[in-house]
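Peer 1: Structure below; questions to follow.
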Amino acid sequence: MIRIRNLEAGYDKLKVLKGISLHVNSGEIVTIIGANGAGKSTLLNTIASLITPSSGEILLQGKDVTLAPPDRIVKGGCVLVPEGRQLFPTMTVKENLILGAYTLFGRKKSNDANRNLEQIYKMFPILNDRQSQLAGTLSGGEQQMVALGRGLMSNPNLIMMDEPSMGLAPLIVKDIFKVVETLRDQGKTVLIVEQNAKAVLGIADRGYVMETGSLVLEGSAEELLDNNDVRRAYLGKDYKEFTDMGGRE
Amino acid sequence: MIYNMEYESMEKQNLEQLQIERLQATLHRVYRNVSFYKALYDKEGIQIDSIKSLDDLKKLPFTTKNDLRQSYPYEAFAVPLRDIVRIHSTSGTTGKPIVVGYTKNDLKTWSSLVARILSAAGITSHDFVQIAFDYSLSTGGFGFHYGAEKIGASVIPYSGDDVMKQIQVMKDYRTTTLVSTPGYALHVASLMEEMGRDTQELNLSTGLFGSEPWSENLRKEIESRLKIEAFDNYGLTEIIGPGVAFECEKHSGLHVNEDHFILEIINPDTLEEVPSGEQGELVFTTLTKEGFPLIRYRTGDISSIVEGNCTCGRTTARIRRISGRTDDMIIVDGRNIFPSNIEEILFEIEGVEPHFQIVLSREDGVDIIELKVEVTPNFLPFDEIRKVQVFQEKIAQLLTSQLGIHAKITLAEPKSLKRSTGEKIKRVQDNRK
């Protein structure tokens, strides 16, 4: 679905991504875990073309989109559900959702947009109930659903999600991730960046570990869950637990 | 059967992507965690980030056995010792042993790679797999044990000693699969014949042999004497143990597990990559090892690439069966001779066993090669000096005509040379130093 080689990007003189190579196969949920500031969001923003890479290559379904403008990425079937939802709080739920269909604007495609909207209401019935409510008045979980729904409005193949669990209660996180699994079951491909490693590794097929701008580990979700570095650094397993068990060193 | 369809039959470009991703991640980990690699790359001024393609791998220095010996025992581990759950080691026959640590994930990876070997040989949960490797610091026994359990076979962990009892267990437990060195399998056959027993008494149908180079003739001999199909497999403790490369049912080279190891073949003298298809030294880079990752490790094993795709459906690169070791190599008159070449020739001669030892010495600055060969038990003309001489001359002539070496031939009594029972034969004794 997407293949990235040696991607470098950053802000002005600050190089954040130091040569990232990764791939996501069709129908996979792939996660990138890592600490705050590792460069995870920068990576998604670079793929979405909100940041221009300084070198490297991004192939989306075999096409080189390294320097393509953001709308070409969306038209190519790849959307970003940004960190912190980024809704328009004073617009209604429906208006926010429709904004996600901007690639479908035009005389012939408005039917598609309406059909997609119906689909999203089916997937998130609560949004149907609240379609005329102002987005800013929704709960965090509902806002995340709107953000995801907005992403789905263009009927993408690859959905990139940036910290979808941020600020949400554990039960709500579970709901959101259940939706992500449903999307995969429908044949969609998902790339999720998360700090909540434990939750996301529960639904992911594969994952990468990112540290200070580089990927230092690739493996199946199961392998990452069993990797002691990952457990210590990202799964909240206490250092003491390890030393007490081991007794060495 | 292909154990892991997704990874063993990947499209070339997908495999390359996976390899570069895993290589870059491994380099970051070794640079951060292994002082040997950090010091080496800092000294050579190598930036890890500059490795952007598989071709760039050539910019990195090799890792040698000697480097690892200097890291004895734990210096080259890439994780804290508390994360290590298993320790194996090389035998140390040629110097200080190399100690290898495995994490939990390493053991899982290892089992699944050995499962690939067994599946490719047609082994299933219906098989009884008898393991005649020693369960010890060496990797053969435990490697096959966990791999066979992984595919659900019934494992009989017999170890290498006491061949008589081994045979009895093999018969009584209805063992279908023997895992051992090729020498051991031959030993089993010889012993049964000596006792006047038919190998048909056994239920054996498959043999998986490795840990020492063996010739195609030896395979045929084992197959016909034990009435089995024999599969070669290749691995070494430093890289992971068994599970690096293996034969499928086509027996046309050994498939390298390229999703876990990058293979290079170099000329051991110039250290340059050899043209595809030519013989050279195998060099491996591990891609998934957590405990003991290695970058461009020189194995000392000699082989070459089999070009083209295998008809079995796997897309991984294939290597020919190991023809020898760089450090077993005898150089005479500019010719590189491997003990396996000599084994091939001995097979053509009636009256000798493929058990032999090469003794090198130096007299007045001239290299002398002595070849000690065991004769078969029914070799009669020991008492007739002339016939013995003719026999010796015949062997010497074959060596001259086929390998271009002039060797002094000594005939040895049956079973007088050191046997291989899980331990490797020391085939070359170099007294020149």
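Peer 1: In the stretch A:88-104, which residues are assigned to a loop (DSSP other than H, G, I, E, B), of a type in the set (A, V, I, L, M) and either within 26 Å of A:Val65 (Cβ to Cβ) or in contact with a Cys (Cβ under 8 Å, 6 or more places away or on another chain) (or both)?
Peer 2: To start, the set of residues in the stretch A:88-104 that are assigned to a loop (DSSP other than H, G, I, E, B) comprises A:88-91, A:100-101.
Next, only the ones that are of a type in the set (A, V, I, L, M) stay: A:91, A:101.
Listed by number, the list holds a single entry, A:Ala101.
Peer 1: Here's a follow-up. Taking only the stretch B:265-285 into account, find how many residues are under 26 Å from A:Tyr208 (Cα atoms) and out of contact with any Phe, Trp or Tyr (no Cβ under 6 Å at 6 or more places or on another chain).
Peer 2: The number of residues fulfilling the criteria is 1.
Peer 1: Could we say that A:Gly62 is at pLDDT 95 or above and not assigned by TED's automatic domain parsing to the domain that holds A:Ser132 here?
Peer 2: no
Peer 1: A:Leu14 - would you say it is of a type outside the set (S, T, N, Q) and modelled with pLDDT under 95?
Peer 2: Here the answer is yes, as A:Leu14 does meet what is asked.
Peer 1: Just for the stretch A:199-212: of the residues that are out of contact with any Phe, Trp or Tyr (no Cβ under 6 Å at 6 or more places or on another chain), surrounded by fewer than 23 Cβ atoms within 10 Å (Cβ to Cβ) and in a loop (DSSP other than H, G, I, E, B), which one is nearest to the other protein chains (Cβ to nearest Cβ)?
Peer 2: It comes out as A:Thr212.
Peer 1: Return the residue satisfying two criteria in turn: it lies in the stretch B:26-47 and is free of Cβ contacts under 8 Å to residues at least 24 places away in the same chain and within 9 Å of another protein chain (Cβ to nearest Cβ), and of such residues it is farthest from B:His260 (Cα to Cα).
Peer 2: Among those residues, the one meeting the criterion is B:Arg32.
Peer 1: Within the stretch B:167-174, is even one residue of a type in the set (Ser, Thr, Tyr), touching a residue at least 40 places away in the same chain (Cβ under 8 Å) and at negative phi?
Peer 2: Yes, that holds for at least one residue.
Peer 1: Determine whether B:Arg320 is out of contact with any Lys or Arg (no Cβ under 9 Å at 6 or more places or on another chain) and in contact (Cβ under 8 Å) with a residue 24 or more places away in the chain.
Peer 2: Criteria met by B:Arg320.
Peer 1: On to the next question. I want to confirm something. Restricting to the stretch A:165-198 and keeping residues that are under 13 Å from the mean Cα position of the chain (by Cα) and assigned to a loop (DSSP other than H, G, I, E, B), which single residue is nearest to A:Ala35 (Cα to Cα)?
Peer 2: Across the stretch A:165-198, the extreme among qualifying residues is A:Gln195.
Peer 1: If you don't mind, there's one more thing I want to ask. May I ask you to list the residues in the stretch B:92-121 that are small (Gly, Ala, Ser) and either surrounded by fewer than 16 Cβ atoms within 10 Å (Cβ to Cβ) or without any contact (Cβ under 8 Å) to a residue 12 or more places away in the chain (or both)?
Peer 2: B:Gly92, B:Gly95
Peer 1: Under the condition of being within 19 Å of A:Ala38 (Cα to Cα) and part of a loop (DSSP other than H, G, I, E, B), which residue from the stretch A:228-249 is modelled with the lowest pLDDT?
Peer 2: A:Gly236
Peer 1: So B:Glu238 fits all but one of (1) in a strand (DSSP E or B); (2) buried (at least 21 other Cβ atoms within 10 Å of the Cβ); what number is the exception?
Peer 2: Of the numbered conditions (1) in a strand (DSSP E or B); (2) buried (at least 21 other Cβ atoms within 10 Å of the Cβ), the odd one out for B:Glu238 is (1).
Peer 1: In this structure, does B:Glu247 turn out to be over 28 Å from B:Val99 (Cβ atoms) and either in contact (Cβ under 8 Å) with a residue 40 or more places away in the chain or aliphatic (A, V, I, L, M) (or both)?
Peer 2: Working: over 28 Å from B:Val99 (Cβ atoms): yes; either in contact (Cβ under 8 Å) with a residue 40 or more places away in the chain or aliphatic (A, V, I, L, M) (or both): yes.
Judged against the criteria, B:Glu247 is a match.
Peer 1: Further question: Looking at the stretch B:70-79, can you tell me whether even one residue there is crowded, with 18+ Cβ neighbours inside 10 Å, touching a strand residue (DSSP E or B) at 6+ places or on another chain (Cβ under 7 Å) and either over 30 Å from B:Cys248 (Cα atoms) or of a type outside the set (S, T, N, Q) (or both)?
Peer 2: yes
Peer 1: Here's another thing I want to ask about it. Which condition number does B:Ser138 fail, the rest of (1) at pLDDT below 95; (2) in a loop (DSSP other than H, G, I, E, B); (3) farther than 22 Å from B:Phe261 by Cα being met?
Peer 2: With respect to (1) at pLDDT below 95; (2) in a loop (DSSP other than H, G, I, E, B); (3) farther than 22 Å from B:Phe261 by Cα, B:Ser138 is out only on (3).
The values are calculated or read from the model by the stated rules, or taken from the named source; none is laboratory data. Every value quoted in this text rests on a predicted model; they were computed, and no experiment measured them. Neighbour counts run over all protein chains shown; Cβ positions are idealised from the backbone, glycine included.
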